[in-house]
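Quick notes on the structure that follows.
Computed from the coordinates by the stated procedures, all read-outs in this text should not be read as laboratory data. All of these numbers come straight from a predicted model, not from anything done at the bench. Glycine gets a Cβ as well: all are built from the backbone with ideal geometry, and neighbour counts include every protein chain shown.
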Amino acid sequence: MPSAGKTLFTSDIHLDSENSVITRSFLDFLANRARGAEALYVLGDLFEAWVGDDDGSALNALVAQTFAALADSGTTLYFMHGNRDFLIGRDYAERCHATLLEEPTLIDCHGQRMALIHGDSLCTRDVDYMKFRKMVRTERWQREFLERSLVERHMIAQQARMQSKEQGKVKAYEIMDVTPQEVVNLLQTLQVNCLIHGHTHRPSIHTLRLQSPINGRLDAQRIVLGSWDTQGWVLELGADGFELKHFPHLSD
Ligand SMILES: [Mn+2]
């Protein structure tokens with residue numbers, strides 16, 4: 001069992017079609033590498049786009065079936081929304097035998113208390129995106145969007161993706177990253193010294209200093225998960241600590 005007793009975290013797989021190398025590698029990850037894990041947390045952007053649980057594509061069915069098989073083998077599954085797939089609903093999560101988590105979620109894992117988020121909420125220097133995020137996270141926007149036909153919804157999602165790609169080319173590197181002070185604020189508000197997130201596609205383990213009311217300073221960690229665009233990524237947490245791992249995609 002490659003992941004026996006461990007807790008796994010991944011994000012930003014951006015699944016797009018049932019025939020891609022990324023999809024095959026991710027399904028292989030669920031069927032093999034993730035087997036035996038105590039839990040698997042998918043911290044957002046599992047899919048490149050999600051237009052509603054009523055979209056019965058072959059990809060969505062295949063992914064649900066593979067997640068369900070992993071859950072049925074004993075691994076507890078948790079999903080958190082990303083900025084691409086924030087419309088994943090309870091129906092689809094149920095089909096995957098997974099539980100949807102609120103953002104942020106606090107967990108106790110192998111003796112460590114930590115906060116989980118997708119990561120886009122910390123990118124506050126991207127003012128345009130923060131406005132967009134606020135709008136699409138309202139109940140009203142979501143209801144009106146889901147009332148449209150599937151064809152229309154796919155078209156809107158496609159447009160939004162093209163726009164964000166164009167904007168990504170002109171936005172500065174720092175704007176696309178988390179705002180350091182927002183990280184500190186979040187950790188202090190939640191009273192934790194470990195944060196796991198994805199979204200920025202800048203995998204790394206950062207150490208930062210927090211002000212502690214008791215002894216003045218406190219070391220905290222921010223673990224950033226990687227994107228699956230060119231290789232697979234997983235954070236493994238066990239009794240002996242954590243390890244951020246990457247592995248090549250399956251070859252043809
Ligand atoms: Mn994202």
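At-a-glance table
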item	result
Residues of region 189-205 classified as away from the ligand (no atom under 13 Å from the Cβ) and part of a strand (DSSP E or B), total	5
Given (1) assigned to a strand (DSSP E or B); (2) of a type outside the set (Gly, Ala, Ser); (3) more than 16 Å from the ligand (Cβ to nearest atom); (4) closer than 18 Å to residue 81 by Cα, number of the condition residue 141 does not satisfy	(1)
Subset of region 5-51 (residues that are part of a strand (DSSP E or B) and touching a Phe, Trp or Tyr at 6+ places or on another chain (Cβ under 8 Å))	7, 8, 9, 10, 15, 39, 40, 41, 42
In region 25-43, the residues that are surrounded by fewer than 15 Cβ atoms within 10 Å (Cβ to Cβ) and either over 24 Å from residue 237 (Cα atoms) or polar (S, T, N, Q) (or both)	32
Residue match in region 153-162 (condition: in a loop (DSSP other than H, G, I, E, B) and surrounded by fewer than 14 Cβ atoms within 10 Å (Cβ to Cβ))	no
Residue within region 62-69 that is surrounded by 20 or more Cβ atoms within 10 Å (Cβ to Cβ) and within 16 Å of the ligand (Cβ to nearest atom) present	no
Of all residues making up region 74-119, the number that are within 24 Å of residue 187 (Cα to Cα), small (Gly, Ala, Ser) and either within 15 Å of the ligand (Cβ to nearest atom) or more than 15 Å from the chain's Cα centre (by Cα) (or both)	3
In region 206-227, the residues that are of a type outside the set (A, V, I, L, M) and either farther than 15 Å from residue 41 by Cα or in a strand (DSSP E or B) (or both)	206, 207, 209, 211, 212, 213, 215, 216, 217, 219, 221, 222
Single residue of region 1-35 satisfying the filter (closer than 16 Å to residue 198 by Cβ and polar (S, T, N, Q)) that is farthest from the ligand (Cβ to nearest atom)	7
Which numbered condition residue 57 fails, given (1) farther than 30 Å from residue 142 by Cα; (2) out of contact with any strand residue (DSSP E or B) (no Cβ under 6 Å at 6 or more places or on another chain); (3) not β-branched (Val, Ile, Thr)	(1)
Residue ID - nearest to the ligand (Cβ to nearest atom), chosen from residues in region 166-188 that are in contact (Cβ under 8 Å) with a residue 40 or more places away in the chain and acidic (Asp, Glu)	177
Test: residue 46 is under 27 Å from residue 243 (Cβ atoms), away from the ligand (no atom under 16 Å from the Cβ) and surrounded by 15 or more Cβ atoms within 10 Å (Cβ to Cβ)	no
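A quick yes/no check of all residues on (1) under 21 Å from residue 7 (Cβ atoms); (2) of a type in the set (Phe, Trp, Tyr):
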| residue | (1), (2) |
| --- | --- |
| 81 | yes, no |
| 85 | no, no |
| 96 | yes, no |
| 129 | no, yes |
| 145 | no, yes |
| 181 | no, no |
